[in-house]
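I have placed the structure first, in the form of structure tokens, so that the comments after it can refer back to it.
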Amino acid sequence: MGRCIILLEYEEKKTPSGSSRDPNSMPIMNINNVERKLFMNQRNETLRTHFRVGLIGLGGMAQSHIRHIQGIENFSITAICDVSEASLAKVGAQLQLPAHRCFSHYKELITDPEVDVIASVTPNDVHAEIIQACLEANKPFMAEKPFTRTFEEAEHLLQLYQENPVPAMVSFVYRYTPAFRYAKELIVQGKIGTVRSASLQYLQGWGAASKNVPYLWRFNKDITGTGTLGDLGSHMIDMAHYLFGSFQELSAQLQTIIPERKDSSTGQLVKVEVDDFASFQARLEGDIRCVFQTTRNAIGSGNQHEASIYGDIGTLHASTEKPDELLWIYEEPSTGQLIRQIMTVPENVKATQWDDFLNLLLGTPRDDMPGFIDGYENQKVLEACVRADALKMTVHLDHM
């Protein structure tokens with residue numbers, strides 16, 4: 001599958017958020033010679049400790065990225081891009097950027113010599129184009145999820161990446177939810193024994209019928225590729241991959257609960273061609289069986305992403321609703337009494353996405369950072385779900 005540049009084993013050096021880092025002080029990873037050469041070339045070419053960020057897409061999520069970027073001294077935003085002139089003017093003023101640093105087309109920003117790295121926060125229909133432009137310009141990037149609209153787009157990007165790998169991260173942000181990170185550590189420690197199965201769900205309620213949400217770009221198949229499956233399901237898929245390993249086979253059911261929504265500008269009903277409910281069950285490596293469900297029609301759910309993990313000697317439950325703790329259930333060995341223990345996530349487990357991106361740029365990526373190959377594999381699982389639903393059969397991923 002080509003060279004994966006996001007490996008592997010190193011002794012992490014903790015640095016408080018907001019501080020500056022020197023790449024010469026970072027430890028060298030235990031990696032093979034190909035990856036070592038790639039990382040060392042990157043280091044030796046620049047010995048850079050500061051990176052100028054070009055931000056593409058100024059919608060709702062952009063402000064979250066701006067806050068995190070401004071919290072790390074090694075980053076500064078030197079250019080922005082959006083199709084909306086009003087957004088460019090507003091955010092440009094916020095960041096005190098001159099007009100010539102505010103672009104209306106992403107290619108102009110990506111090829112700008114005063115931009116070192118790219119952060120992309122756009123709708124799905126330009127994900128593949130932006131990634132391709134970054135690869136062609138040899139610019140490191142942080143890409144939004146889902147990786148692409150379609151698996152065909154992902155396959156094309158993989159070929160380009162194999163020819164010219166650049167440092168890349170995909171924004172599977174829930175890898176940085178402390179409860180999920182701690183769950184992974186406890187699994188590795190053997191706290192629940194051999195993992196046998198898991199249940200993952202990601203529920204939101206904003207799209208329910210009672211909300212009367214109009215037709216939005218998220219319901220447009222030409223823009224999104226899939227609906228809830230790609231929007232929320234991609235996070236569940238990545239979480240299972242992060243916790244347990246790769247997908248082997250799956251079956252799936254997709255449904256459009258609300259088949260039409262009103263166009264707010266014309267008042268006409270528009271057909272919804274993407275799913276707003278998805279469920280699938282899968283076998284992952286290690287013969288772990290997982291059940292998944294996601295919808296944006298769950299009244300009472302705000303942003304409820306959670307996992308229940310079942311092992312031979314215990315259970316773990318982690319959720320975005322209680323991000324700094326998790327539930328550990330086990331039997332007390334001497335008495336057999338069932339213990340339900342709330343575990344507070346220790347500070348040494350926590351990490352942030354932008355700190356990890358900085359580590360990648362400095363040539364010392366964390367081994368569980370969501371990189372290019374993770375994005376590609378995630379899109380492959382999404383495609384397997386689409387095929388499984390259409391064919392009404394189990395899809396084996398090694399046959400795709």
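The values are calculated or read from the model by the stated rules, or taken from the named source; none is laboratory data. Predicted model, so just to flag it, every value in this text is computed and none were measured. Glycine also receives a Cβ, built like all others from the backbone with ideal geometry; neighbour counts cover every protein chain displayed. Ligands, DNA and RNA are excluded from the accessible area calculation, which covers all protein heavy atoms including side chains. Shrake-Rupley method; radii C 1.70, N 1.55, O 1.52, S 1.80 Å.
Where strands (runs of 3 or more DSSP E) fall wholly inside the range 310-377, the ranges with 1 or more residues that are among the acidic types (Asp, Glu) and touching a strand residue (DSSP E or B) at 6+ places or on another chain (Cβ under 6 Å) are 325-331.
Being crowded, with 21+ Cβ neighbours inside 10 Å and either of a type outside the set (A, V, I, L, M) or under 18 Å from residue 373 (Cβ atoms) (or both) is the filter here; which residues of the range 113-127 pass it? Selection gives 120, 122, 124, 127. Could you please give the count of residues in the range 72-85 that are open to solvent by 30 Å² or more (accessible area, probe 1.4 Å) and not in a helix (DSSP H, G or I)? Residues flagged as open to solvent by 30 Å² or more (accessible area, probe 1.4 Å) and not in a helix (DSSP H, G or I) within the range 72-85 amount to 4. For residue 286, the conditions (1) part of a strand (DSSP E or B); (2) closer than 19 Å to residue 184 by Cα all hold with the exception of (1).
Is it true that some residue in the range 216-223 is over 19 Å from residue 128 (Cβ atoms) and surrounded by fewer than 16 Cβ atoms within 10 Å (Cβ to Cβ)? So far as the range 216-223 goes, yes, one or more of its residues are over 19 Å from residue 128 (Cβ atoms) and surrounded by fewer than 16 Cβ atoms within 10 Å (Cβ to Cβ). Residue check: residue 356 meets all listed conditions (1) within 19 Å of residue 306 (Cα to Cα); (2) open to solvent by less than 40 Å² (accessible area, probe 1.4 Å) but one, namely (1). The set of residues in the range 257-290 being open to solvent by 20 Å² or more (accessible area, probe 1.4 Å) and within 21 Å of residue 379 (Cβ to Cβ) consists of 273, 277, 279, 281, 283, 285. The numbered conditions (1) more than 26 Å from residue 69 (Cβ to Cβ); (2) surrounded by fewer than 23 Cβ atoms within 10 Å (Cβ to Cβ) are all true for residue 183 except (2). From the list 321, 332, 383, the lone residue that is without any contact (Cβ under 8 Å) to a residue 12 or more places away in the chain and either among the acidic types (Asp, Glu) or crowded, with 16+ Cβ neighbours inside 10 Å (or both) is 332.
Within the range 314-372, the set of residues being at pLDDT 95 or above and hydroxyl-bearing (Ser, Thr, Tyr) comprises 315, 319, 320, 330, 344, 352.
Against the condition open to solvent by less than 20 Å² (accessible area, probe 1.4 Å) and among the aliphatic types (A, V, I, L, M), how does residue 213 come out, does it pass?
On the way: open to solvent by less than 20 Å² (accessible area, probe 1.4 Å): no; among the aliphatic types (A, V, I, L, M): yes.
Spelling it out, it is not the case that residue 213 is open to solvent by less than 20 Å² (accessible area, probe 1.4 Å) and among the aliphatic types (A, V, I, L, M).
Could you tell me whether residue 128 is at pLDDT 95 or above, touching a Lys or Arg at 6+ places or on another chain (Cβ under 6 Å) and not in a loop (DSSP other than H, G, I, E, B)? No; evaluated as a whole, the condition is false for this residue.
Just one of the numbered conditions (1) open to solvent by 30 Å² or more (accessible area, probe 1.4 Å); (2) within 26 Å of the chain's Cα centre (by Cα) is not true of residue 88: (1). Within the range 89-110, residues that are among the polar types (S, T, N, Q) have Cβ atoms under 9 Å from residues that are modelled with pLDDT under 95 in no pair, counting only partners at least 6 apart in sequence or on another chain.
Please go through the range 374-400 and give me each residue that is over 23 Å from the mean Cα position of the chain (by Cα) and within 17 Å of residue 239 (Cβ to Cβ), ordered by number. Of everything in the range 374-400, nothing turns out to be over 23 Å from the mean Cα position of the chain (by Cα) and within 17 Å of residue 239 (Cβ to Cβ).
Looking at the range 194-201, can you tell me whether even one residue there is surrounded by 18 or more Cβ atoms within 10 Å (Cβ to Cβ), at negative phi and β-branched (Val, Ile, Thr)? Checking the range 194-201: at least one residue is surrounded by 18 or more Cβ atoms within 10 Å (Cβ to Cβ), at negative phi and β-branched (Val, Ile, Thr). Candidates in the range 187-244 are the residues that are of a type in the set (D, E, K, R), in a helix (DSSP H, G or I) and touching a strand residue (DSSP E or B) at 6+ places or on another chain (Cβ under 9 Å); of these, the one that is farthest from residue 288 (Cα to Cα) is 231.
If I filter the range 163-181 for residues that are in a helix (DSSP H, G or I) and over 27 Å from residue 303 (Cβ atoms), do I get at least one hit? Step through it out loud before you land on a result.
Keep residues of the range 163-181 that are in a helix (DSSP H, G or I), which gives 163, 173-176, 178-181.
Then drop every residue that is not over 27 Å from residue 303 (Cβ atoms), which leaves 163.
Checked against the condition, which is being in a helix (DSSP H, G or I) and over 27 Å from residue 303 (Cβ atoms), the range 163-181 yields at least one hit.
Quick one: in the range 45-71, which of the residues that are of a type in the set (A, V, I, L, M, F, W, C) and open to solvent by 70 Å² or more (accessible area, probe 1.4 Å) is modelled with the highest pLDDT? Reasoning before the result, please.
We begin by selecting, within the range 45-71, every residue of a type in the set (A, V, I, L, M, F, W, C); these are 47, 51, 53, 55-56, 58, 61-62, 66, 69.
Remaining after also requiring open to solvent by 70 Å² or more (accessible area, probe 1.4 Å): 47, 61.
Details: 47: 72, 61: 92.
This residue is 61.
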